[in-house]
1. Of a type in the set (Val, Ile, Thr) and modelled with pLDDT of 95 or more - does that describe any residue in segment 10-21?
2. Could we say that GLY77 is of a type outside the set (Lys, Arg), open to solvent by less than 30 Å² (accessible area, probe 1.4 Å) and in contact with a Pro (Cβ under 7 Å, 6 or more places away or on another chain) here?
3. Those residues that are under 23 Å from LYS142 (Cβ atoms) and open to solvent by 40 Å² or more (accessible area, probe 1.4 Å), I need them from segment 83-97; list them, please.
4. What residue, among those in segment 109-144 that are at pLDDT 90 or above and more than 26 Å from LYS62 (Cβ to Cβ), is least open to solvent (accessible area, probe 1.4 Å)?
5. Can you name every residue in segment 60-100 that is among the hydrophobic types (A, V, I, L, M, F, W, C) and at pLDDT below 95?
6. Do you know which residues across segment 13-70 are in a strand (DSSP E or B), over 20 Å from PHE84 (Cβ atoms), without any contact (Cβ under 8 Å) to a residue 60 or more places away in the chain and of a type in the set (A, V, I, L, M)?
7. Please tell me if GLU113 is under 27 Å from TYR18 (Cβ atoms), in contact (Cβ under 8 Å) with a residue 12 or more places away in the chain and more than 15 Å from the chain's Cα centre (by Cα).
Amino acid sequence: KNLIKNFHGLSHRQEKIYQNDNVQVINNSKATNVQATLKSIINYENISLILGGRAKEKIFKKIIDYKNKIRKIYLIGEAAPMIFKQLNRDINCEIFENIDLASKKILLDIKKEKNFQTILFSPACTSFDQFMNFEKRGEYFKKIISRTIND
């Protein structure tokens, strides 16, 4: 019982990295394909979703099936324009140069919201356009969130 009670899960796999009364931040950098991201989305509501990187696959339209859970998609990386073209008609999307700018914009956007929000970093892409691997990308995301929230 103690082991299960104290188990926190593995880093970068639906890892809750921050929570207060208004928002929770989930790091799922390990989600390097659309199916893994969809499995994350089903767990949350009022999602600000960070997607992008280097695409392993070309079809992201399945995400539209979960549009009622997603408040907005913040796109980063090489795949951002391709994903934008597929999703923007159905879900509010915006493209950013990097995780830093996307994270800052999310925190500005959700300040206006009254309902509990989830920031979900579940890229559905590999990290190789900007990072060595998903672990480095996930660690960087955690640093950015910590720095941005504490500003």
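The values are calculated or read from the model by the stated rules, or taken from the named source; none is laboratory data. Everything quoted here is computed from the prediction, not taken from an experiment. Here Cβ is always computed from backbone atoms with ideal geometry, including for glycine, and neighbour counts include all displayed protein chains. All accessible areas refer to the heavy atoms of the entire protein, side chains included, with ligands and DNA or RNA removed. Shrake-Rupley method; radii C 1.70, N 1.55, O 1.52, S 1.80 Å.
1. In the first step, residues of segment 10-21 are kept if they are of a type in the set (Val, Ile, Thr); the result is 17.
Of the ones still in play, those that are also modelled with pLDDT of 95 or more are none.
Among the residues of segment 10-21, not one is of a type in the set (Val, Ile, Thr) and modelled with pLDDT of 95 or more, which makes the answer no.
2. Judged against the criteria, GLY77 is not a match.
3. GLU94, ILE95, GLU97
4. Only one residue fits best here, namely ILE144.
5. If the condition is that a residue be among the hydrophobic types (A, V, I, L, M, F, W, C) and at pLDDT below 95, then ILE99 is the only one that fits.
6. none
7. yes
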